[in-house]
Amino acid sequence: MNRHVFKLLACLLVSGVITGCSLKYAVDDPPAPGFSYQNVDPKPITIKVVDQRETVQFLVGISGLQGIDLSLTNVDDPVAWFSRELVKEFTARGVPLKLAAKDSAIPADLTLTIRKYQLINHRASGFSAWESYNVFLGQVAMGNTSCTIPSFFFNSKLPVWSMDEIQKPCVSDPMAIVVKDVASKINRCLFNYGVSNADLQKLATAAVSTVQADSPTACFPLIDLGSTNNPHAMSTLKRFAEHDDSFVHNCAVNAIGTLGAQDQFEFLVGRFNYFATNDKVMPLKAIGDIGTGQAWDHLRQVQSSSLYREENGVKYCTDLYLTR
């Protein structure tokens, strides 16, 4: 038996008795976006990130992982990592955002206050899939404009040969997707930059090719489409929201919420009703992104259901959007 699998099984069996079990993972750099916004103001903008998290513990293990020490080998401060990656994401999109120096006496142009940021990990046993729920809640303010920024991404992976198999799908990918989702929501709130129709067509073509090739990176072209702030991306995203592959349709549904799904409520409810139990969480995220009374009513109905009590992802996502 692979030593990583054996170690986890041993931890799961005796975590209630023995301490010291640990799993360590490195976080990959989020992939660069495949687009840049048009007509961007070239004047540099400074951002101040304020850490007001309810709890500073970033990696959280629940259920079978509760007694296991989870850690990131290359991220000492998750908020500092998030801040750097957020600035890199904006810069790659053509927006000249810079992180304000901590000791600077000059006020920053905008402030992002982080109230919640966690990667919650669940595994019922050594024979079940590892599930991760990346949860983010912040408030962005610039001048007289202020917006609440929630973000959530769920993914799972059943490791077969090694516990290293969960590093990308359950650690690096969710963290990257949340960075991109937050950047897109800040853009829509404060700048409203977008991608031209010509560039959007290139992105859509790339997304189709990547998904058809069954690429392990197929999620990110779909995330790019949701980040374009161009409503013409919706038709391609809805097409892939009906894809058979769970990761593909979860990424597409996530991106629908990012893009702005105010007129997609019925479609998203249809996906929620159709998807298997675990995957219902991503339509809930997109419905939460709509932010209307109709959307809140749906989330409240879910909160009072047995699904909410039985599925961790549904609970964390629903609570995030209803208590923001």
Residue that is farthest from residue 88 (Cα to Cα) [pool: residues in the range 137-189 that are part of a strand (DSSP E or B) and polar (S, T, N, Q)]: 156
Among what's in the range 130-169 and is in contact with a His (Cβ under 7 Å, 6 or more places away or on another chain) and not small (Gly, Ala, Ser), pick the residue that is surrounded by the fewest Cβ atoms within 10 Å (Cβ to Cβ). 164
If residue 32 satisfies every condition in (1) crowded, with 18+ Cβ neighbours inside 10 Å; (2) within 26 Å of residue 193 (Cα to Cα) but one, which is the exception? (1)
Quick check on residue 45: is it surrounded by 13 or more Cβ atoms within 10 Å (Cβ to Cβ) and β-branched (Val, Ile, Thr)? yes
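Residue-by-condition table, conditions (1) hydroxyl-bearing (Ser, Thr, Tyr); (2) closer than 16 Å to residue 182 by Cα:
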| position | (1), (2) |
| --- | --- |
| 256 | no, yes |
| 259 | no, yes |
| 262 | no, no |
| 281 | no, no |
| 285 | no, yes |
| 289 | no, yes |
| 297 | no, no |
| 303 | no, no |
| 306 | yes, no |
Can you give me the number of residues within the range 269-324 that are farther than 18 Å from residue 238 by Cβ, aliphatic (A, V, I, L, M) and assigned to a helix (DSSP H, G or I)? 7
When the range 190-205 is examined, which residues are found to be under 21 Å from residue 90 (Cβ atoms) and either assigned to a helix (DSSP H, G or I) or modelled with pLDDT under 95 (or both)? 190, 191, 199, 200, 202, 203
Given (1) part of a helix (DSSP H, G or I); (2) out of contact with any Lys or Arg (no Cβ under 6 Å at 6 or more places or on another chain); (3) farther than 12 Å from residue 286 by Cα, where does residue 243 come up short, assuming only one miss? (1)
Can you tell me which residue in the range 87-103 is farthest from residue 38 (Cα to Cα), limited to those that are touching a Lys or Arg at 6+ places or on another chain (Cβ under 8 Å) and not aliphatic (A, V, I, L, M)? 89
Number of the condition not met by residue 123 [criteria: (1) surrounded by fewer than 23 Cβ atoms within 10 Å (Cβ to Cβ); (2) in contact (Cβ under 8 Å) with a residue 40 or more places away in the chain; (3) over 14 Å from the mean Cα position of the chain (by Cα)]: (1)
Taking the range 61-81 on its own, how many of its residues are in contact with a Leu (Cβ under 9 Å, 6 or more places away or on another chain) and either modelled with pLDDT of 95 or more or of a type in the set (Gly, Ala, Ser) (or both)? 7
Residue under evaluation residue 281, criteria (1) surrounded by 19 or more Cβ atoms within 10 Å (Cβ to Cβ); (2) at pLDDT below 95, criterion not met: (2)
All but one of (1) part of a helix (DSSP H, G or I); (2) more than 24 Å from residue 267 (Cβ to Cβ); (3) free of Cβ contacts under 8 Å to residues at least 40 places away in the same chain; (4) within 20 Å of the chain's Cα centre (by Cα) hold for residue 209, so report the exception by its number. (4)
For residue 127, the lone unmet condition from (1) touching a Cys at 6+ places or on another chain (Cβ under 6 Å); (2) of a type outside the set (A, V, I, L, M); (3) part of a loop (DSSP other than H, G, I, E, B) is (1)
Tell me, please, whether a residue that is touching a Pro at 6+ places or on another chain (Cβ under 8 Å) and either on the phi > 0 side of the Ramachandran plot or surrounded by fewer than 23 Cβ atoms within 10 Å (Cβ to Cβ) (or both) can be found in the range 227-247. yes
Read through the list (1) of a type in the set (Asp, Glu); (2) within 25 Å of residue 170 (Cα to Cα); (3) more than 20 Å from the chain's Cα centre (by Cα); (4) at pLDDT 95 or above, then give the number of the only condition that residue 297 fails. (2)
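The values are calculated or read from the model by the stated rules, or taken from the named source; none is laboratory data. All of these numbers come straight from a predicted model, not from anything done at the bench. Cβ: placed from backbone, ideal geometry, glycine included. Neighbour counts: every protein chain shown.
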